[in-house]
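Enquirer: My questions all concern the structure below.
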Amino acid sequence: MALITGDMLIEEVVTKYPQTVQVFIKHAIPALVCGDPVWGTVEEVVKENGGDLELILKELNEVAEKGQKPVFLNIGPNIGPSGQDNKG
């Protein structure tokens, strides 16, 4: 049984499984705006953004089932996940 389905709200998904945000980012599907979850279901938001619903649901469930930790994205060459300067 899938942990995440297309009829689930984005807010519910990212609250229960915060590590899934990395899947949304990978597929250029907005999941968070200004730190708040996007409104709507996974299916609605994926379709609005031209994503492959089956593929994204598969990846969301794989990440949720494994309990993977979120991936931190560097926002610049000298900025780490905490936002602190990584120079020297």
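The values are calculated or read from the model by the stated rules, or taken from the named source; none is laboratory data. Only a predicted model underlies this, so the values are computations on that prediction, with no experimental measurement involved. Cβ sites come from the backbone with ideal geometry, for glycine too, and all protein chains shown count toward neighbours.
Enquirer: Select from the range 19-35 the residues that are of a type outside the set (Val, Ile, Thr) and modelled with pLDDT of 90 or more and list them in ascending order.
Expert: Correct list: GLN19, GLN22, PHE24, LYS26, HIS27, ALA28.
Enquirer: Residues of the range 32-47 being in a helix (DSSP H, G or I) and either under 16 Å from LYS66 (Cα atoms) or of a type outside the set (Val, Ile, Thr) (or both), which ones?
Expert: Selection gives GLU43, GLU44, LYS47.
Enquirer: Taking the range 1-18, which residues are more than 15 Å from GLY51 (Cα to Cα), touching a residue at least 24 places away in the same chain (Cβ under 8 Å) and crowded, with 17+ Cβ neighbours inside 10 Å?
Expert: ILE4, MET8, VAL13, TYR17, listed by residue number.
Enquirer: Of (1) within 15 Å of LEU57 (Cα to Cα); (2) not in a loop (DSSP other than H, G, I, E, B), MET1 satisfies all except one. Which?
Expert: (2)
Enquirer: So, one more: Here are some residues: GLY50, GLY6, GLY83. Which one is modelled with pLDDT under 90 and outside any helix (DSSP H, G or I)?
Expert: Only one candidate qualifies: GLY83.
Enquirer: Taking the range 19-31 only, how many residues are closer than 18 Å to ALA64 by Cα and loosely packed, with under 14 Cβ neighbours inside 10 Å?
Expert: The number of residues fulfilling the criteria is 1.
Enquirer: Here is a further query. Are any residues in the range 9-31 outside any helix (DSSP H, G or I) and not hydroxyl-bearing (Ser, Thr, Tyr), and if so, which ones?
Expert: Selection gives LEU9, HIS27, ALA28, ILE29, PRO30, ALA31.
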